[in-house]
1. Given contacts defined as C-alpha pairs under 8 Å and at least six residues apart, what's the relative contact order of region 11-163, whole-number percent?
2. Within 13 Å, Cβ to Cβ, of Gly196, how many net charges do the neighbouring residues add up to if Lys/Arg are +1 and Asp/Glu are -1?
3. When you count, for each residue, the other Cβ atoms within 10 Å and take the mean per peptide, how do 74-80, 249-255 rank with the highest first?
4. Can you pull the percent of region 154-307's accessible area that's carbon plus sulfur, 1.4 Å probe, other chains left in place?
5. Rounded, prolate or oblate, given the Cα gyration tensor of region 64-134, with a/c below 1.5 counting as rounded?
6. Hey, got the Cα dimensions of region 45-90 along the principal axes, in Å, largest first?
7. Leaving out ligands and nucleic acids, note down the accessible area per residue over the chain with a 1.4 angstrom probe, in whole Å².
8. Quick check on packing: order 208-215, 195-202 by the mean number of other C-beta atoms within 10 Å, highest mean leading.
Amino acid sequence: MSDMQGLQVQDELAGILLGMHEESPLLVALFDAQDVLRYANRAFRAAYAVQPDGRLSWSDMMRDNYAHRRGAFIETQDIEAWIAGVHSRRGKTAHRAFEADLCDGRWIWMTESIQQQGWMLCVASDISNLRQEGRALRQAHVKALAAANTDALTGLSNRRHGLHLLDQALLDSEPWPLCVALLDLDDFKQINDSLGHAAGDLALIDFARQLQAGSRREDGCARLGGDEFLLILPAAGLPQAQAIIERLLERVRKARPLPDHPELGYHCSVGLAQASWGENTETLLCRADAALYGAKLAGRNRYVLAE
């Protein structure tokens, strides 16, 4: 078979596969590395009330579902915190499967598969007719696990989960090169002392949103405690990691987190380190922490590379 014939066969098979997906009762969707919906079959479009246009992200899809009470059934008082919490789990492993509810009353089993370039295939099947014995217990277990991994204020991964993600990334050969950043809000104590802890909480929440918006789906974002955060950058060498951090710093400089004080902004300092193969979490974070200290000494509002 010639190369031309091989391509024709592949095109024919691709057309058949797409046609079968379109008619399938399974919910099938494809998201690109930026988490933008690039394909959805008829069942998925109907279930989530979406139409792929090359711009619709998963986060915006969830915001629309939540606002109009359609598609995904989302139980929360704060959709942004909910999205941040899901992002701490979404796309962090090659394969994930879980139960989910739709607003139309259906109960689905969703699978997410990631390929090396970061594209995600989602396939869900309707399991509404399956025996539901123990479902409430399973749901309570899932919610408890999510709560145990999530920082209550920001919705990001908490310290325990963030360090677990870093441990796993250092042991996995797939995400190399690997960089990590330690981030600290500058003069955060002054916000708390002058405007109160409620204002400080708003600044922390805003920073978490900037951190999440400025990172990739596969990146890990965690609040280590207080005003210190961790960013895990798998499959990112120093040039790409530096570009991500520079964009983040610019986003934070432009942010205005306090509605009652729109004139007030804030900024942060960052210590950035690239991991060496065989390095453990403790030594890597020590190097990043030393770089963070260097950024503070150099005048804050900047990043410094670890030695």
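1. On the way: 224 pairs, mean separation 31.0, N = 153.
Over region 11-163, the number comes to 20 percent.
2. -2
3. The peptides rank, most packed first, as 249-255, 74-80.
4. In region 154-307, the share of accessible area belonging to carbon and sulfur is 52 percent.
5. Numbers: a/c = 1.94, a/b = 1.14, b/c = 1.71.
It is oblate, given that a/c is not under 1.5 and a/b is not larger than b/c.
6. Projected onto its principal axes, the Cα set of region 45-90 covers 25, 20, 13 Å.
7. 52
8. Top to bottom by mean Cβ count within 10 Å: 208-215, 195-202.
The values are calculated or read from the model by the stated rules, or taken from the named source; none is laboratory data. Keep in mind it's a predicted model, so treat the numbers as computed, not measured. Virtual Cβ from ideal backbone geometry, glycine too; neighbours counted across all protein chains shown. When the accessible area is computed, the model is the full protein with side chains, heavy atoms only, and any ligands, DNA or RNA have been set aside. Shrake-Rupley method; radii C 1.70, N 1.55, O 1.52, S 1.80 Å.
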